[in-house]
1. What's the local net charge at Val583, with K and R +1, D and E -1, over the other residues with C-beta under 12 Å away?
2. Working out 0.36 nm times the residue gap between Lys511 and Glu281, then minus their Cα-Cα distance, what length gain in nm do you get to one decimal?
3. Kindly write out, for the range 411-416 in residue order, the coupling ³J(HN,Hα) from the Karplus curve 6.51 cos²θ - 1.76 cosθ + 1.60 (θ = phi - 60°), rounded to whole Hz, with x marking Gly and Pro.
4. Efficiency by 1/(1 + (r/R0)^6): what FRET value for Gln116 and Lys491, r their Cβ-Cβ distance, R0 = 45 Å, to the nearest 0.05?
5. Using a Förster radius of 25 Å, what is the FRET efficiency between Asn579 and Thr394 based on their Cβ-Cβ separation? Nearest 0.05, please.
6. What residues qualify as long-range amide H neighbours of Phe192, i.e. H under 5 Å apart, gap of 5 or more or another chain, H built at 1.01 Å from N?
7. Quick one: 3J(HN,Hα) in Hz for the range 480-494, Karplus 6.51/-1.76/1.60 with θ = phi - 60°, rounded, Gly and Pro as x.
8. Where a ≥ b ≥ c are the square roots of the eigenvalues of the C-alpha gyration tensor, would you call the range 370-493 rounded, which needs a/c under 1.5, or, failing that, prolate if a/b is larger than b/c, or oblate?
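The values are calculated or read from the model by the stated rules, or taken from the named source; none is laboratory data. A quick note: this is a predicted structure, and the numbers were derived from the prediction, not measured. So basically every Cβ, Gly included, is an ideal-geometry build from the backbone, and we count neighbours across all protein chains shown. Surface areas here come from the heavy atoms of the whole protein model, side chains and all, with no ligands, DNA or RNA. Shrake-Rupley method; radii C 1.70, N 1.55, O 1.52, S 1.80 Å.
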Amino acid sequence: MVADEASSFETSEMLATFLASTPLLSESWRLCTTTATSPPRSFLTEQGAGGMVYIAFPGIEMVAADSSWRTLVPLVSIGDVTLFSARRDKEDDDPVMVHAGVLNLLSTFFDAFQNQMLALMGNSNTKTIVITGHSIGGATASLCAVWLLSYLQHISSSSSSVSVLCITFGSPMLGNTSFSHAILKQRWGGNFCHVVSNHDIMPRLLFSPITPYTAQLNLLLQFWRLSTAAPAFGKLALPVSDQHQELFNVVMSSLDAATQDGEGSSILFHPFGSYLFVSSEGAVCVDSSTAVIKMMHLMFISASPYCSIEDHLKYGDYVKKLSLQFLNHKNSMQGNIPDSSYEAGLELAVHSSGLANQESAKECLKLTRRMGPSPTMNAAMLPIKLSKIVPYRTEIQWYKSWCDQQVDQMGYYDLFKRRRNTSKKMAMKVNMNRHKLARFWNDVIEMWERNELPHDLAVREKWVNASHFYKLLVEPLDIAEYYGKGTHTTKGHYLQHGRERRYEVFDRWWKDGIAAAAEENNERRSTFASLTQDSCFWARVEEARDWLNSVRSESDTSKLAVLWDNIEKFEKYAVELINNKEVSEDVLAKNSSYSTWVEDLKGLRELRAKVKRFPHNFSPFLDGEVIP
């Protein structure tokens with residue numbers, strides 16, 4: 001391990017210490033208990049100090065129905081906000097899916113929640129929104145937090161000072177492996193902290209096939225609901241039947257099987273975010289999903305059927321003791337701290353877990369150790385890799401300049417699209433360079449999403465500018481390839497069906513990193529841009545050409561109105577770009593696709609005007625064969 005690299009356990013310890021030393025956990029739990037007496041399908045909002053707002057969801061509002069308790073459904077959008085990406089990275093990847101019952105529960109009060117969030121974000125005093133919930137309310141809180149994070153990203157999170165934190169207590173699992181990976185790719189893992197007690201059965205239930213035990217589960221849910229609403233009821237001993245013992249054994253067996261599967265690929269539901277495991281002895285925070293599964297099992301080994309039910313109601317006790325426990329554990333380690341940063345962090349994490357079998361805990365927590373170079377080291381090597389692909393980019397720039405000087409006046413986009421004999425060999429070289437650049441940038445994105453690069457890479461000016469320049473230079477070639485090969489005839493237009501995910505990522509980097517500042521400092525251009533500032537401009541031209549062709553053959557007046565509206569909107573958009581000189585000169589080349597489209601539109605409008613003036617002279621065209 002690199003000597004100056006911080007231990008991963010130091011980081012988790014810092015997060016746990018931060019939570020324990022602030023009112024976040026205690027206030028969140030207090031509101032969770034308060035919501036226990038709230039009306040069904042509701043949530044509680046409370047203003048805190050320093051611009052902090054708490055949103056709390058009640059614990060038990062769902063029965064363990066066979067149809068939804070362990071069923072996953074695709075998660076594409078909530079309300080009008082699209083979540084994650086509409087397309088998968090690979091065709092064989094599973095779609096993002098979540099618990100059907102929780103998603104259905106959210107739908108019953110989503111409008112009220114959305115209105116409340118919009119009002120809070122419209123208030124300049126709101127700085128942090130903490131969304132919390134106990135039990136099933138925790139899963140609901142997580143899903144609401146996903147929506148809120150997606151919404152903030154949709155409206156550009158850089159323009160909003162609102163931060164989001166989701167804290168759950170004893171929450172069941174929410175989604176599948178793809179959901180967990182999507183959270184990581186969006187870099188939202190740090191926005192979720194799931195507090196799990198060492199013996200609580202609820203967070204572990206969905207590791208097992210519990211459908212045959214629906215009756216027993218409903219009895220548990222009812223007991224927990226009554227106990228949170230009336231704490232005195234929870235002090236009554238719940239008789240542990242043979243069925244409860246069997247349910248406990250099934251969960252234990254499923255956890256054991258899940259830990260034997262290194263990647264957890266055999267389980268239906270998968271952990272995401274950070275997990276704060278608490279007990280009467282201490283707490284430890286981990287964020288590796290593999291370590292979370294193993295820790296779930298390791299801490300549950302010492303449980304019994306009775307305490308696995310009782311522990312679901314004891315989070316208040318754990319939260320009260322947490323601050324003092326961290327202080328005691330730190331003091332107890334004085335004079336016995338290993339020299340290695342990694343070993344010291346590991347010892348501190350194991351000591352805080354409160355597990356009797358500390359060797360097993362140590363082996364489990366070692367799973368969180370990062371293998372290979374640190375993100376800082378990877379970031380230091382990245383410029384070297386970038387310098388190796390700069391010649392490929394330079395050759396494409398030279399090719400663009402060459403295209404702009406040709407006598408046929410077609411321009412960069414159209415010459416590459418048509419691959420004329422005079423430039424065929426050159427275009428083949430450019431096409432190879434295009435693929436090499438794509439591989440480099442795809443690798444950068446994958447490393448960033450796997451947390452192998454620093455979190456702030458996406459806002460570092462050098463990398464935001466480099467990725468943006470690449471997008472402006474190369475995406476027109478991707479579009480030319482897409483339409484030149486006729487791919488749009490089978491898959492549909494590029495913007496909806498052909499755009500690579502890396503360009504969408506770079507759009508976000510630019511939007512969140514530099515775009516706002518660039519607009520503020522942007523002076524009116526005196527010359528045309530070297531590269532068209534809308535990398536998808538040619539894809540819009542191709543769609544506009546398709547609309548123009550449809551107008552010539554469409555006879556339905558309502559469809560014609562839509563087509564003309566689309567054409568006029570694009571025309572206005574293109575003229576605005578040209579007037580602001582935000583296009584490259586190749587757009588205005590005499591024989592470019594755009595210039596040809598402008599001439600075709602002009603001719604069609606002239607013919608349309610004549611038809612309206614002298615309809616009796618154009619009767620063959622009035623049936624929609626040529627003109628409306």
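1. Working: positive: Arg525, Arg540, Lys581; negative: Asp534, Glu576, Glu582, Glu585, Asp586.
Net of charged neighbours comes to -2.
2. Values: separation 230, 0.36 × 230 = 82.80 nm, distance 4.63 nm.
Length gained, Lys511 through Glu281: 78.2 nm.
3. Rounded to whole hertz, the list is x, 4, 5, 6, 5, 5.
4. Details: r = 41 Å, r/R0 = 0.90.
FRET efficiency, Gln116 to Lys491: 0.65.
5. Details: r = 31 Å, r/R0 = 1.24.
That pair, Asn579 with Thr394, gives E of 0.20.
6. Cys166, Ser274
7. In residue order, the calculated couplings are 4, 5, 4, 7, x, 8, x, 4, 5, 6, 9, 9, x, 5, 4 Hz.
8. Values: a/c = 2.74, a/b = 1.99, b/c = 1.38.
In terms of gyration-tensor shape, prolate.
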